[in-house]
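To start, the structure itself, in structure tokens.
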Amino acid sequence: MPPRQRLSPAERRAQLLTVAARLFAAQPYDEVLMEDVAERAGVSRALLYRHFPSKRDLFAALYQQVADELLAKTRLDPTATLVEQLTQGLDAHIEYFAENRNTVLAANRVLAGDRLIQTIMTNELDALRERLLGVLPLADDSTRDAVSGVLKSWLVFVQVLCVDWLTEETCTRTELRDVCVGAAVGAIRPLLDEDPAPDWPR
């Protein structure tokens with residue numbers, strides 16, 4: 001066990017999440033033990049449990065942090081084209097998914113029925129949908145409602161497709177991203193007066 005350091009509660013929490021992120025990325029959820037997190041962090045199990053009462057609470061805090069970081073990486077630029085914005089956002093998510101396969105599979109498969117984990121994911125998808133709606137040429141509220149419904153379904157499609165891709169990589173990352181971009185463009189085109197991606201497909 002590494003020597004224990006004196007940290008503020010916020011610093012200790014951040015350290016524990018950093019250690020947990022490595023362990024959850026390296027191993028399936030069921031194989032990660034709270035004892036291992038405590039040992040790697042150089043703290044007692046009692047201290048770990050004071051911050052996170054259970055492994056599920058630890059994972060939920062980690063996944064909330066991940067969702068916040070991914071949202072920060074996908075700030076949509078209104079001066080960019082829709083395809084450029086979709087590409088940037090998808091690249092950030094797919095890169096994280098590929099590098100943290102076990103973490104993503106835990107959230108989407110092992111903990112698929114956990115209300116807190118699902119709420120974190122739903123909130124992230126809703127935030128992404130609102131950002132996309134903010135940069136699309138929407139003529140009126142009726143159009144916005146229609147496009148919003150399509151984007152909600154598209155985001156679930158992307159989530160399922162990416163999780164399946166982690167289980168069996170049947171295509172490259174670029175091909176996966178372009179399938180998702182093409183699905184979005186094709187789905188919303190019929191609803192808009194102005195073509196949101198006149199250069200797609202390339």
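The values are calculated or read from the model by the stated rules, or taken from the named source; none is laboratory data. The shown structure was predicted, so the numbers you read here are calculated from the model rather than taken from an experiment. Positions of Cβ are backbone-derived with ideal geometry, glycine not excepted, and every protein chain shown enters the neighbour counts. The protein model used for the area step is the full one, side chains on, heavy atoms only, and it has no ligands, DNA or RNA in it. Shrake-Rupley method; radii C 1.70, N 1.55, O 1.52, S 1.80 Å.
Per residue, the chain exposes an accessible area of 54 Å² to a 1.4 Å probe, with every protein chain left in place.
Checking a compactness column here: for the stretch 1-153, what do you get for Rg(Cα) / (2.2 N^0.38 Å), N being the number of residues? So the Cα radius of gyration is 1.25 times the expected 2.2 N^0.38 Å.
How much of the accessible area of the chain, in percent, comes from carbon and sulfur atoms when a 1.4 Å probe is used?
Carbon plus sulfur share of accessible area: 51 percent.
Sparsely packed loop sites in the stretch 76-125 (the GluC sites (Glu not before Pro) outside DSSP H, G, I, E and B with at most 16 other Cβ atoms within 10 Å) do not occur.
Could you sort 122, 79 by accessible area so the largest value comes first, with the probe set to 1.4 Å? Before the final figure, lay out each step's value.
Working: 122 70, 79 120 Å².
Largest accessible area first, the residues go 79, 122.
When the Gaussian network model of the chain links Cα atoms closer than 10 Å, the mean-square fluctuations of 138, 151, 23 top out at 138.
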